[in-house]
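The block underneath contains the structure these notes are about, expressed in structure tokens.
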Amino acid sequence: MSVLAACSGGEEKTGMRVLCAGSLMMPFNEIEAAFEAQHPDIDVLVEGHGSIQVIRHVTELHEESDVMVVADYSLIPMMMYNTEIPETGESYTDWYITFATNSLGIAYTPSSRYAGEINGDNWHEILSRPDIKLGMADPRLDACGYRALMLLSLAETYYRDDSLFEGVLGTFNPAIELVPQGTATRITVPEIIHPESEKIVLRGSSIRMLALLESGDIDYAFEYRSVSEQHNLEFVGLPPEIDLGSVEYTGGYGNATVLLDFHRFSSVRPEFIGQPIIYGVTMPRNAPHPEKAVEFIQFLFGPESRRIFDENCQALLDPIRADNLPQVPQELAPLLQ
């Protein structure tokens, strides 16, 4: 989808589409403006979605995009490396760059029920109370959603409470199944998710929980720390053993696995193994404006963008690294290790 937009002087700008994880929308809106100021011939069009939806827009809905940024880098090889572009038979991409991290916790407002009581020790007891409303991103569409399931599974082990998962989320019909596998747990998500209690509110991306929190329609939501800080929300930070935010606990995170057990995806059966939260960026092989996309990614890793990320409480990796480095556009190679 190549978009040309007429500017006020009568000249045409190149419309470059960037699909990004919803949790990056605030910094990316600022990066868009800063990039356009340096590249007046380009009109960057940033769209935020759940990370799974970011990829499905390209690989299954067959829309064109120049840059794709997801909150879970593992989605890129899983859903793009072995998925073919219909017109050419080539894979959609064969490289990605990891560049940012985060942690998962509980967002709320001063008006949330029990706001004066909740803390990093009793959060699961508060969230289990029947009169609270809890928001969660849909795990079928958004990395924050399946990570919330991992967090709750890990919390059962951490707090030695095998009723914690169901206590917080209630039951679903069909069920979200937890199956022990030695010291690990496999969480199977069915094609249809229907909470049997009205306490759980699902949305297609974690960013869509913000309006519900601010309106009081929900009391709490599983959310990334950066998003909570960007929107001045109250935030319960959780133990690093379960918040998916520390490389020191990578081995423990791997004890939670989420399987999306249905046929919505035409070419893969997504299975996610718990690991630290790491964001990834790539370019589809059929990007309409590859040269412009490379310029945008260069800018994304430059000093101006780093300042924007820092001001928006978004933690970055240092150094940034690439998968399949020989396939990365050569202009980006000097940025990588």
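Of the residues Ile132, Ile106, Ile126, the single one that is assigned to a helix (DSSP H, G or I) and either assigned by TED's automatic domain parsing to the domain that holds Ile76 or modelled with pLDDT of 95 or more (or both) is Ile126. When the stretch 312-337 is limited to residues that are assigned to a helix (DSSP H, G or I) and touching a residue at least 24 places away in the same chain (Cβ under 8 Å), the one that is farthest from Thr98 (Cα to Cα) turns out to be Glu331. Yes or no: the stretch 184-199 includes at least one residue that is buried (at least 18 other Cβ atoms within 10 Å of the Cβ) and either touching a Gly at 6+ places or on another chain (Cβ under 7 Å) or at positive phi (or both). Yes, the stretch 184-199 contains at least one residue that is buried (at least 18 other Cβ atoms within 10 Å of the Cβ) and either touching a Gly at 6+ places or on another chain (Cβ under 7 Å) or at positive phi (or both).
Checking Phe222, Phe272 one by one, the residue that is in a strand (DSSP E or B), touching a helix residue (DSSP H, G or I) at 6+ places or on another chain (Cβ under 7 Å), under 24 Å from Ile55 (Cα atoms) and not assigned by TED's automatic domain parsing to the domain that holds Ile126 is Phe272 and no other.
Does Phe235 satisfy being among the aromatic types (Phe, Trp, Tyr) and not in a helix (DSSP H, G or I)?
yes
Within the stretch 201-209, does at least one residue satisfy the condition of being over 19 Å from the mean Cα position of the chain (by Cα) and either within 17 Å of Gly145 (Cα to Cα) or not small (Gly, Ala, Ser) (or both)? No, there is no match, as no residue in the stretch 201-209 is over 19 Å from the mean Cα position of the chain (by Cα) and either within 17 Å of Gly145 (Cα to Cα) or not small (Gly, Ala, Ser) (or both). When we screen Phe309, Phe299 for residues that are over 30 Å from Arg129 (Cα atoms), in contact with a Leu (Cβ under 6 Å, 6 or more places away or on another chain), touching a residue at least 24 places away in the same chain (Cβ under 8 Å) and assigned to a helix (DSSP H, G or I), the only hit is Phe309. The requirement of being in contact with a helix residue (DSSP H, G or I) (Cβ under 7 Å, 6 or more places away or on another chain), closer than 18 Å to Val236 by Cβ and of a type in the set (A, V, I, L, M) is satisfied by Leu134.
The set of residues in the stretch 151-167 being touching a residue at least 40 places away in the same chain (Cβ under 8 Å) and within 22 Å of Ile277 (Cα to Cα) consists of Leu151, Ser153, Leu154, Ala155, Thr157, Tyr158. Of the listed requirements (1) part of a helix (DSSP H, G or I); (2) in contact (Cβ under 8 Å) with a residue 60 or more places away in the chain, Val69 misses just one: (1). Checking each residue in the stretch 61-119 for being on the phi > 0 side of the Ramachandran plot and aromatic (Phe, Trp, Tyr) picks out only Tyr114.
Of all the numbered requirements in (1) within 30 Å of Gln230 (Cα to Cα); (2) surrounded by 14 or more Cβ atoms within 10 Å (Cβ to Cβ); (3) modelled with pLDDT of 95 or more; (4) not polar (S, T, N, Q), Gly204 misses one, and that requirement is (3). Only one entry of Leu45, Leu61, Leu24 meets the criterion of being part of a helix (DSSP H, G or I) and within 23 Å of Trp95 (Cα to Cα), and that entry is Leu24. Among the criteria (1) in contact with a helix residue (DSSP H, G or I) (Cβ under 8 Å, 6 or more places away or on another chain); (2) closer than 24 Å to Met79 by Cβ, the one Ile192 does not fulfil is (1).
For the stretch 28-55, filtering for residues that are surrounded by fewer than 17 Cβ atoms within 10 Å (Cβ to Cβ) and either assigned by TED's automatic domain parsing to the domain that holds Gly204 or in contact with a strand residue (DSSP E or B) (Cβ under 8 Å, 6 or more places away or on another chain) (or both) leaves 6. All conditions but one from (1) more than 18 Å from Gly204 (Cβ to Cβ); (2) modelled with pLDDT of 95 or more apply to Ser51; the one that does not is (1). Pairs meeting the criteria (first residue in the stretch 217-240 and of a type in the set (Lys, Arg), second residue buried (at least 16 other Cβ atoms within 10 Å of the Cβ) and assigned to a loop (DSSP other than H, G, I, E, B), beta carbons under 9 Å, at least 6 apart or on different chains) are Arg225/Asn102; Arg225/Ser103; Arg225/Gly237; Arg225/Asp243; Arg225/Gly245; Arg225/Cys313; Arg225/Ala315.
When you check Val281 against the structure, is it surrounded by fewer than 18 Cβ atoms within 10 Å (Cβ to Cβ), modelled with pLDDT of 95 or more and in contact with a strand residue (DSSP E or B) (Cβ under 9 Å, 6 or more places away or on another chain), yes or no? No.
The values are calculated or read from the model by the stated rules, or taken from the named source; none is laboratory data. Note that this is a predicted model, so its numbers are computed, not measured. Cβ sites come from the backbone with ideal geometry, for glycine too, and all protein chains shown count toward neighbours.
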